[in-house]
Amino acid sequence: MKVRKSEFVISAVQASQFPSDGDAEFAFSGRSNVGKSSLINTLLNRKGLAKTSSTPGKTRQINYFRINEAFYFVDLPGYGYARAPKRERANWGRWVEPYLKNRDPLLGLIQLIDARHDPTENDLQMVTWLLSYELPFLIVLTKSDKLSARKLSEQIQKTRRILSEWGDLPVVPFSAKRGVGKEAVWKWIEGRLDSH
Ligand SMILES: Nc1nc2c(ncn2[C@@H]2O[C@H](COP(=O)(O)OP(=O)(O)OP(=O)(O)O)[C@@H](O)[C@H]2O)c(=O)[nH]1
Ligand SMILES: [Mg+2]
């Protein structure tokens, strides 16, 4: 994908603020601090477009970015931040689940999992939702630069094995630091756009 233009659109706090033009969108989800904003910036060749933070749990809003004046990237709030107040954790599901379930322009979702860890309960819950809403998704293992090549390939196999009860799901390694996996993620997005 040649990214000619990428711009921030809105930090939505309620569904009425979502774009209403019907253009396709792709969401990015995963636990807080997993690297969602960094992945978006890497795909767009932009350093600070999506705000990154070393303090987890900073992104509460559903953030929209417009790409090539044609489609959207959606940076979802991270989940599973242990120190978040309980009320906020409950709010996450109430806010994000209806989005996943009902958002017509949503063509696909990139599910991020830290390459250093096995999928969490929350990650598996997400996969269950995505399958039940029949929303196509791609699993991306982030921060792959933090593992040796051998450890990384073991973790890819292990993740596939853990997810195998839901079928043969694609798992792609990614590093925002090194730009690894960028082409694979774009290819998947382009495939979804083409079949649309
Ligand atoms: N080494 C390494 N660090 C990364 C990578 N991706 C992200 N990080 C770091 O991980 C931290 C969190 O990254 P973010 O992109 O802000 O994560 P996020 O998922 O958007 O976090 P929230 O918005 O808080 O949910 C930052 O300090 C990043 O620099 C990567 O591929 N490699
Ligand atoms: Mg973020």
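Against the criterion of being crowded, with 22+ Cβ neighbours inside 10 Å, among the charged types (D, E, K, R) and either within 16 Å of ligand 2 (Cβ to nearest atom) or under 16 Å from W188 (Cα atoms) (or both), K2 does not qualify. Listed by first and then second residue, the pairs with beta-carbon distance under 7 Å, at least 6 apart or on different chains, first residue in segment 36-51 and in contact (Cβ under 8 Å) with a residue 12 or more places away in the chain and within 13 Å of ligand 2 (Cβ to nearest atom), second among the basic types (K, R) and in a loop (DSSP other than H, G, I, E, B), are S37/K51; N41/K47. With respect to R83, is the statement that it is among the basic types (K, R), modelled with pLDDT of 95 or more and either within 15 Å of ligand 1 (Cβ to nearest atom) or assigned to a strand (DSSP E or B) (or both) true? Criteria not met by R83. Would you be able to say whether some residue in segment 90-98 is exposed (fewer than 15 other Cβ atoms within 10 Å of the Cβ), closer than 16 Å to G78 by Cβ and touching a residue at least 24 places away in the same chain (Cβ under 8 Å)? Within segment 90-98, one or more residues are exposed (fewer than 15 other Cβ atoms within 10 Å of the Cβ), closer than 16 Å to G78 by Cβ and touching a residue at least 24 places away in the same chain (Cβ under 8 Å). The residues listed here are I156, I189; of these, the one that is more than 17 Å from the chain's Cα centre (by Cα), surrounded by 14 or more Cβ atoms within 10 Å (Cβ to Cβ), among the β-branched types (V, I, T) and at pLDDT 95 or above is I156.
The values are calculated or read from the model by the stated rules, or taken from the named source; none is laboratory data. The model shown is predicted, which means the values in this text are computed figures rather than measured ones. Ideal geometry is used to build each Cβ from the backbone, glycine not excepted, and the neighbour counts take in all protein chains shown.
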